[in-house]
Amino acid sequence: MLTKEEKESLLKLARDTIGARLGKNKPADFSPGSSVLTEPRGAFVTLHKHGALKGCIGYVEAIKPLYQTVREMAVAAAFQDPRFESVTGDEFDQIEIEISVMSPIKKISNIDEIEVGKHGLIMKSGLNQGLLLPQVATEQGWDKETFLEHTCNKAGLYGDCWKKPETEISIFSAEVFSEK
């Protein structure tokens, strides 16, 4: 679990990084104030504009120190998510930043292990893979089966792919916090 200060520090880092890219401020001079921020952790940065998704990109696995992951994913969510136009300087103050810090990933063989609202899902079959964060099911009001179907669709697979023996299902949890 991250402390309130660590969460605030990561949110400020994400905002300052996007702002610097837009020329709104100087690049953040960031010094991790705790060892937790230097631990390799997976994380997603999600951007919302007036409540609507504006960008979301992240690393599921622990590839880099958490603060570096947040810095890179803030830029990716703001400027590289192919589903959305890049954030502009005019939008900067309207963007709300949310960060999801990932737990380790666990493959499951029984969907009874899935807790909607607690777990995110990863569906993998062949070269196709899709991921939905834990908060998506709650925000959309989905039950477990609907969550499974949408994760299959996100992977570019049929909605019932989760029933097939060749499909790998993995779960993870995330500590989610935002500027809100």
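Which count do you get for residues in region 126-180 that are in contact (Cβ under 8 Å) with a residue 40 or more places away in the chain and touching a Cys at 6+ places or on another chain (Cβ under 6 Å)?
Here is the first cut: in region 126-180, the ones in contact (Cβ under 8 Å) with a residue 40 or more places away in the chain are 126, 131, 133-135, 162, 166-180.
Adding the requirement that they be touching a Cys at 6+ places or on another chain (Cβ under 6 Å) leaves 162, 167.
The number of residues fulfilling the criteria is 2.
Limited to region 132-153, what total is found for residues that are among the β-branched types (Val, Ile, Thr) and crowded, with 18+ Cβ neighbours inside 10 Å?
Taking region 132-153 first, the residues among the β-branched types (Val, Ile, Thr) are 136, 138, 146, 151.
Okay, now just the ones that are also crowded, with 18+ Cβ neighbours inside 10 Å, so 136, 151.
Going through region 132-153 one residue at a time, the tally reaches 2.
How many residues are outside any loop (DSSP other than H, G, I, E, B) and either in contact (Cβ under 8 Å) with a residue 60 or more places away in the chain or closer than 24 Å to residue 179 by Cα (or both) when one looks only at region 73-114? It would help to see each step written out before you state the result.
Applying the first criterion (outside any loop (DSSP other than H, G, I, E, B)) to region 73-114 yields 73-79, 92-102, 106-108, 111-113.
Those left that are additionally either in contact (Cβ under 8 Å) with a residue 60 or more places away in the chain or closer than 24 Å to residue 179 by Cα (or both): 73-79, 92-102, 106-108.
Total meeting the criteria: 21.
Could you check region 38-79 and list, in sequence order, the residues that are charged (D, E, K, R) and more than 19 Å from residue 21 (Cβ to Cβ)? Write out each step before concluding.
Looking only at region 38-79, we keep the residues that are charged (D, E, K, R), and these are 39, 41, 49, 54, 61, 64, 71-72.
Result: 39, 41, 61.
Looking only at region 21-49, count how many residues are in contact with a Phe, Trp or Tyr (Cβ under 9 Å, 6 or more places away or on another chain) and β-branched (Val, Ile, Thr).
Result for region 21-49: 1.
Scan region 115-131 and give yes if some residue there is buried (at least 18 other Cβ atoms within 10 Å of the Cβ), in a loop (DSSP other than H, G, I, E, B) and among the charged types (D, E, K, R), otherwise no.
No; the residues of region 115-131 include none that is buried (at least 18 other Cβ atoms within 10 Å of the Cβ), in a loop (DSSP other than H, G, I, E, B) and among the charged types (D, E, K, R).
It is to be established whether one or more residues within region 5-16 are in a strand (DSSP E or B) and closer than 26 Å to residue 130 by Cβ.
At the first step, the residues of region 5-16 found to be in a strand (DSSP E or B) are none.
No, region 5-16 has no match at all.
Every number here is computed from the coordinates shown, using simple stated rules; none is lab data. Everything numeric in this text was worked out from a predicted model, so none of it was measured. In this analysis, Cβ positions are derived from the backbone assuming ideal geometry, glycine residues included, and neighbour counts consider all displayed protein chains.
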